[in-house]
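Student: This is the structure I have questions about; it appears just below.
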Amino acid sequence: MIACTVFTLVSQSRVAPKYRNALVMSSMVTFIAGYHYFRIFNSFNESSMKGAVEIGTQQGAFNEAYRYVDWILTVPLLLVEVIAVLALAKEASKSLITRLVPASAAMIILGYPGEISSNNGTKVLWGILSTIPFLYILYVLFVELGKSLERQPAGVAATVGRLRLLLIATWGVYPISYLIPVLVKNPSMAQVASLFTDRQIGYTIADVLAKCVFGLTIYKIARMKSIAEGMKEDH
Amino acid sequence: MTNLRYGGYLLIALGLINLRYQTGHHNVLIHSLTIVIPGLILLAATFIKATQKYLANRTSQIVVGIIAALLVAYSFTNK
């Protein structure tokens, strides 16, 4: 995450000034996520004892719901990055941002009660509720944003199309990880530990893909657009 | 001005994550507010016309940058 932050920061001069905002946002997202993982390691260490990890909401326990603090701070920025790199007209950008940011916040907030619940029914219910704003985000990205892609330079529209697919693929890992505990009925203690580990791995992979790979794709789009607008390729 | 706005947001984000992960620790609120409050002030200052002209000054930007860098370092080191 931190390496990605450094890369997007030092690559500022390789894109036209109007796309630098998108790269700064990308570096902020990966830096916040990097800091979050630093704190996750701290929390994991403190809650570990003799090979076991205490999980829960009590003091000193590892509480993965804390990930939601990170997500609510970074996920809206990921969507703003997409709008920023397209450099749309001010009104079109504003309209997209005012719809995408609240929807992404709602998606995360609605997922939180299910995350901290130990009841499978509650998890599924909040999971479904959280999916509604997610579907709305997809609608805006595929239908509304699709209209503006016709005005983008050759190659950029295709890359933005791939970016949207990347977003679905990486964001799809989150609900799968979220639902991992629901998959096994009446799990043994060993299975609970294994499910916990699987969920951590799932969330971590999703974070790396959704923040680093997404940020690098944003960089690629910014670079392609800068070259299409006359920036020298060897710059 | 936009970069300063991002800086303010970053400090708020780091302070909030710091607060969540250290809940229950001694002086956690003071540690986190040390990061969050300057972030809030910086973010607010970028929206107020009277303070915007001070922030546009190169010297002010260097001072803000140094303070922000120190606070980011503090967010990693405080326990």
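Read-outs: derived from the displayed coordinates by stated rules, not from any lab. Because the structure is predicted, anything quoted here is derived from the model rather than measured. In this analysis, Cβ positions are derived from the backbone assuming ideal geometry, glycine residues included, and neighbour counts consider all displayed protein chains.
Student: On a 0 to 90° scale, report how tilted helix B:58-77 is relative to the longest principal axis of chain B, with both axes built from alpha carbons and the result rounded to the nearest 10.
Tutor: So the helix axis and the longest Cα principal axis differ by about 10 degrees.
Student: Same structure, new question: Just need the relative contact order of region A:2-228 here, percent rounded to a whole number, with Cα pairs under 8 Å and 6+ apart.
Tutor: Working: 226 pairs, mean separation 52.9, N = 227.
The normalised contact order for region A:2-228 reaches 23 percent.
Student: Which whole number gives the average, over all residues in A:38-49, of C-beta atoms from other chains lying within 10 Å of the residue C-beta?
Tutor: Values: counts 4, 8, 2, 1, 3, 4, 0, 0, 3, 0, 0, 0.
That average works out to 2.
Student: On to the next question. Tell me, what are the semi-axes, in whole angstrom and largest first, of the equivalent ellipsoid of chain B as set by the roots of 5 times the Cα gyration tensor eigenvalues?
Tutor: On the way: eigenvalues 129, 28, 15 Å².
The equivalent ellipsoid of chain B has semi-axes of 25, 12, 9 Å.
Student: May I have the extent of the alpha carbons of chain A along their three principal axes, as whole Å values ordered from largest to smallest?
Tutor: Here the spans come out as 61, 34, 24 Å, largest first.
Student: Taking the Cα centre of chain A as the origin and placing charges on Cβ (Lys, Arg +1; Asp, Glu -1), which of A:F214, A:A190, A:Q152 is farthest toward the positive end of the dipole?
Tutor: Value: A:Q152.
Student: Within 10 Å of each Cβ in peptide A:22-34, how many partner chain Cβ atoms are there on average? Round it to a whole number, please.
Tutor: Values: counts 0, 0, 4, 3, 0, 2, 5, 1, 0, 4, 6, 2, 0.
If you average over the peptide's residues, the count of other-chain Cβ atoms is 2.
Student: Another question, if that's okay. Let me confirm one metric for peptide B:12-18, namely the mean number of other chain beta-carbon atoms within 10 Å of its residues' beta-carbons. Write out the running numbers ahead of the final one.
Tutor: Details: counts 1, 13, 6, 0, 5, 11, 4.
For peptide B:12-18, the averaged partner shielding equals 6.
Student: With point charges of +1 on the Cβ of Lys and Arg and -1 on the Cβ of Asp and Glu, referenced to the Cα centre of the protein assembly as shown, which listed residue (A:L9, A:A33, A:L78) lies farthest in the positive direction of the dipole?
Tutor: Working it through, the farthest residue towards the positive pole turns out to be A:L9.
Student: Over region B:1-64, what is the mean sequence separation of C-alpha contacts under 8 Å (at least six apart), divided by residue count, expressed as relative contact order in percent? Kindly include the intermediate steps, with their values, before the conclusion.
Tutor: Details: 56 pairs, mean separation 25.7, N = 64.
Computed over region B:1-64, the figure is 40 percent.
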